[in-house]
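One structure is given here, and the rest of the page talks about it.
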Amino acid sequence: MVIIMAILGYTLLAVAVFVLDLLIKNHVERTRVEGEEEAACGGRILLRRYHNKGAFLNAGERKRGLVAVLSLVLTLAATVLFLMTFSFRGNGMLRAGLALLLGGGYSNTYDRLVRKYVVDYVSFPVKNKKIRNIVFNISDFCIMIGALLMVIGSSGEQPKR
């Protein structure tokens, strides 16, 4: 019963990330014009609409099909790893990291398969123009935080069966 509750809790975290990002992306698609930006949070972030047709920084833009398939394969592999972690006691941080990574991964994979591009909408108003032009979405942040939590969670004591 405890394992089922844990699976449910971490799965709900992944689903929450997916749904939240999907709702924001749909809102951005309806309300923002590509190329326009608006300062938010006291000027600490910029809101904009950007269609990323590849992977990070548009890498693989000319091979969108391959990027989409690779995204799907990696997300499915992470799902298998996520499910395997429930055969061990402990590993809460590893599971939380995987849940965040999966929620973000599935959201961006969904975009690649359905929209044929990933909707990005957040950037930072820094002086360096190259960095300022990088646009993220909530899924990107969840993937980065999830990967960090996975490293921290897997670097400690080995799990017990």
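The values are calculated or read from the model by the stated rules, or taken from the named source; none is laboratory data. Because the structure is a prediction, the values reported are computed rather than measured. In this analysis, Cβ positions are derived from the backbone assuming ideal geometry, glycine residues included, and neighbour counts consider all displayed protein chains.
One line per residue, one yes/no per condition, for (1) charged (D, E, K, R); (2) within 13 Å of the chain's Cα centre (by Cα):
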site: R95; (1), (2): yes, no
site: K116; (1), (2): yes, no
site: F124; (1), (2): no, no
site: S139; (1), (2): no, yes
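Among residues of the stretch 3-21 that are closer than 15 Å to F88 by Cβ, those with a Cβ under 7 angstrom from a residue that is among the small types (G, A, S) and in a helix (DSSP H, G or I), sequence gap 6+ or separate chain, pair up as Y10/A96; Y10/A99. Residues that are without any contact (Cβ under 8 Å) to a residue 40 or more places away in the chain, at negative phi and not small (G, A, S) occur in the stretch 117-127; there is at least one.
Here G90 clears all of (1) farther than 30 Å from V33 by Cα; (2) touching a helix residue (DSSP H, G or I) at 6+ places or on another chain (Cβ under 8 Å); (3) of a type outside the set (D, E, K, R); (4) touching a residue at least 24 places away in the same chain (Cβ under 8 Å) except the condition numbered (2).
If the condition is being touching a Phe, Trp or Tyr at 6+ places or on another chain (Cβ under 7 Å) and farther than 20 Å from T75 by Cα, then the stretch 7-23 contributes no residue at all.
For G43, are the conditions met, namely being closer than 20 Å to I134 by Cα, among the small types (G, A, S) and without any contact (Cβ under 8 Å) to a residue 40 or more places away in the chain?
Criteria not met by G43.
Taken together, the criteria exclude L13 from residues that are surrounded by 14 or more Cβ atoms within 10 Å (Cβ to Cβ), modelled with pLDDT of 95 or more and either hydroxyl-bearing (S, T, Y) or within 26 Å of I131 (Cα to Cα) (or both).
No other residue among V67, V28, V17, V80 is closer than 23 Å to R112 by Cβ, touching a Ser or Thr at 6+ places or on another chain (Cβ under 9 Å) and β-branched (V, I, T) apart from V17.
Set side by side, the residues L74, L100 differ, and just one is touching a residue at least 40 places away in the same chain (Cβ under 8 Å) and under 19 Å from V151 (Cα atoms), which is L100.
In summary, helices (runs of 4 or more DSSP H) completely within the stretch 50-161 and bearing 1 or more residues that are surrounded by 16 or more Cβ atoms within 10 Å (Cβ to Cβ) and at pLDDT 90 or above occur at 64-84, 92-110, 138-154. Put simply, of R95, R112 the only residue that is out of contact with any Asp or Glu (no Cβ under 6 Å at 6 or more places or on another chain), basic (K, R) and more than 22 Å from L148 (Cβ to Cβ) is R112.
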